[in-house]
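The values are calculated or read from the model by the stated rules, or taken from the named source; none is laboratory data. Small disclaimer: the values here were computed from a predicted structure and weren't measured. Backbone-built Cβ (ideal geometry, glycine too); neighbour counts: all protein chains shown.
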Amino acid sequence: MPAGPNTQLKPRYRMIVKIHKIQDGRRILAICDNDLIGKKFEEGKLQLDLSSDFYNGKERSEEEVIELLKGSYIVNIVGKKSIGLMIKLGVVNEKNILRVKNIPHAQAVLE
């Protein structure tokens with residue numbers, strides 16, 4: 001059934017993505033749930049600082065993130081929704097997820 005003028009469509013989830021280029025031209029992606037950006041989480045000696053410039057990027061759709069992954073070397077991911085997408089894509093294995101204050105974080109080499 002097509003959406004009428006009063007029908008609200010559920011928006012696709014968007015993530016904050018920062019693209020870092022290293023000297024050899026390869027890319028590192030920092031992907032974060034948009035509701036976590038700017039926050040800092042500490043638990044014992046572990047810390048996730050999402051207020052740093054490393055994660056402060058541009059809002060992207062799932063489709064855009066998937067395209068960016070294709071040309072990337074390393075990916076750093078933070079947040080339940082972002083990690084969930086990476087698990088679904090086979091980039092991250094659930095057993096390799098670290099949690100700080102129950103916020104999931106993972107890293108993966110894509111080559």
| task | Kindly indicate whether residue 56 is in contact with an Asp or Glu (Cβ under 9 Å, 6 or more places away or on another chain), within 11 Å of residue 17 (Cβ to Cβ), at pLDDT below 95 and not hydroxyl-bearing (Ser, Thr, Tyr). | result | no
| message | Quick check on my filter: what residues within region 97-111 are surrounded by fewer than 11 Cβ atoms within 10 Å (Cβ to Cβ) and more than 22 Å from residue 39 (Cβ to Cβ)? | response | 109, 111
| So residue 84 fits all but one of (1) farther than 14 Å from residue 30 by Cα; (2) small (Gly, Ala, Ser); (3) over 10 Å from the mean Cα position of the chain (by Cα); what number is the exception? | (3)
| task | Taking only region 63-96 into account, find how many residues are of a type in the set (S, T, N, Q) and either touching a Gly at 6+ places or on another chain (Cβ under 7 Å) or farther than 19 Å from residue 35 by Cα (or both). | result | 3
| Can you tell me which residue in region 54-84 is surrounded by the fewest Cβ atoms within 10 Å (Cβ to Cβ), limited to those that are in a helix (DSSP H, G or I) and touching a residue at least 60 places away in the same chain (Cβ under 8 Å)? | 81
| said: Suppose we filter region 23-39 for residues that are assigned to a loop (DSSP other than H, G, I, E, B), in contact (Cβ under 8 Å) with a residue 12 or more places away in the chain and within 19 Å of residue 68 (Cβ to Cβ); how many remain? | reply: 4
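This table checks each residue for (1) at positive phi; (2) aromatic (Phe, Trp, Tyr); (3) surrounded by 11 or more Cβ atoms within 10 Å (Cβ to Cβ); (4) modelled with pLDDT of 95 or more.
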site: 9; (1), (2), (3), (4): no, no, no, no
site: 12; (1), (2), (3), (4): no, no, no, no
site: 18; (1), (2), (3), (4): no, no, yes, yes
site: 23; (1), (2), (3), (4): no, no, no, no
site: 28; (1), (2), (3), (4): no, no, yes, yes
site: 33; (1), (2), (3), (4): no, no, yes, yes
site: 41; (1), (2), (3), (4): no, yes, yes, yes
